[in-house]
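A short worksheet on the structure shown next.
The values are calculated or read from the model by the stated rules, or taken from the named source; none is laboratory data. This structure is a prediction, so every number in the text was calculated from the model and none was measured. Cβ coordinates were reconstructed from backbone atoms using ideal geometry, including for glycine residues, and neighbour counts include every protein chain displayed.
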Amino acid sequence: MLPVLSNIPFFQGSGVTVTRGRRVGVILFQLGGPDSLEAIEPFLFNLFCDPDIIDFPFARLGRRPLAKLISSTRARKVQHHYSVIGGGSPIRRFTEQQARALQLKLNDLGVDARCFVAMRYWHPFTQEAISHLRWAECDEVVLLPLYPQYSRTTTGSSLNEWKRLFKDDRPVHTVEPFYRHGQYLDALVEKIDETLARFPHPDQAQIVFSAHSVPVAVIEGGDPYQRQIAETTELVMKRGGWCNRFRLCYQSKVGASKWLQPSLRNTVKELAAESVKEVCVVPVSFVSDHVETLAEIDHEARHQAESLGIKQFEMTPGLNDSPKFIGALAGMVLATIGTPELADERLLAADPIPTLYEGRT
């Protein structure tokens, strides 16, 4: 069973059976990203206006001016990151590909499903997804946060926004954090295996799991994110069966407050100081490629590693719409609406595994 997570908004267990002939609307939640250089500042403003991100005494009065200050300053700093990946974030494109692939998979499994994307801080916003949901005349709703590990700053924020905007009486069910889901772990293992194969000595490459950092204050407030990230790395290493050395670090810190450490940048320095020559970086908290992976890891950290004498630096690609990952998402949706029997041999034949990680067989 998944661990019980306190202070998480309206997670419902599986067992709710969707009636045949009823249409299921699946909402895929993601952070979102600016689609142009001009959109960077308003995107950041939306992010820093979020009460689940910026919270302090009298925040209701001071949040917008503070968000304006941070976003204008931060936009100048991160513009280069977006420039090196074409001027905008690809996260919408990858998330819409995931939505299309998931809808096709669910339809193939006998579920009348329609999948929609709800971005938290840029288009298509949650309200847009709700409008599409109503237009499609869906009878049931499944909320699918595309964050394997729970944090109030990601999953919590998206679900809170949904709760504020969705005023309807149709049934709503929520997919739980899936960092322990067997098929999700296998999708990660597949990407790591593919990347390790690029090294002349795959078993000698050091594996670095990199997760998006969050403020330490969030963790001290009871957020389970750090624990779930650490557990994910352990489960993936067991699932993969590798003997490689590995470590965990964090990236994308914003501001002067204390965030989770060690940083990716300091980790690369440590690896170089230890004379490590082969490094495989795994973005462990992300399910699609975007600025944090393509710019911060595959561009910035790669150049840093090369300048410090690391001979080979590789990053595992995002899960994006890989068949294993889409199969995992489909299985989660089916379990949430109480129809796991639909996940027959068409979904599981390639690699029959337990729903939750129970050790490599």
For the range 121-137, what are the residues that are touching an Asp or Glu at 6+ places or on another chain (Cβ under 9 Å) and closer than 25 Å to GLY331 by Cβ?
THR126, LEU133
Can you find even one residue in the range 183-199 that is buried (at least 16 other Cβ atoms within 10 Å of the Cβ), within 30 Å of LYS269 (Cβ to Cβ) and either of a type in the set (S, T, N, Q) or modelled with pLDDT under 95 (or both)?
yes
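Does LEU144 meet the test of being part of a strand (DSSP E or B), in contact (Cβ under 8 Å) with a residue 40 or more places away in the chain and either among the aliphatic types (A, V, I, L, M) or surrounded by fewer than 22 Cβ atoms within 10 Å (Cβ to Cβ) (or both)?
yes
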Might you check whether a residue that is more than 25 Å from GLU270 (Cβ to Cβ) and assigned to a helix (DSSP H, G or I) occurs anywhere in the range 239-246?
yes
Given the conditions (1) modelled with pLDDT under 95; (2) of a type outside the set (A, V, I, L, M); (3) part of a loop (DSSP other than H, G, I, E, B), and given that ARG346 satisfies all but one, which numbered condition is not satisfied?
(3)
Tally, over the range 65-91, of residues that are surrounded by 14 or more Cβ atoms within 10 Å (Cβ to Cβ) and in a helix (DSSP H, G or I)
12
Going by what's in this entry, would GLU176 be described as closer than 30 Å to ASP55 by Cβ, part of a loop (DSSP other than H, G, I, E, B) and at pLDDT 95 or above?
yes
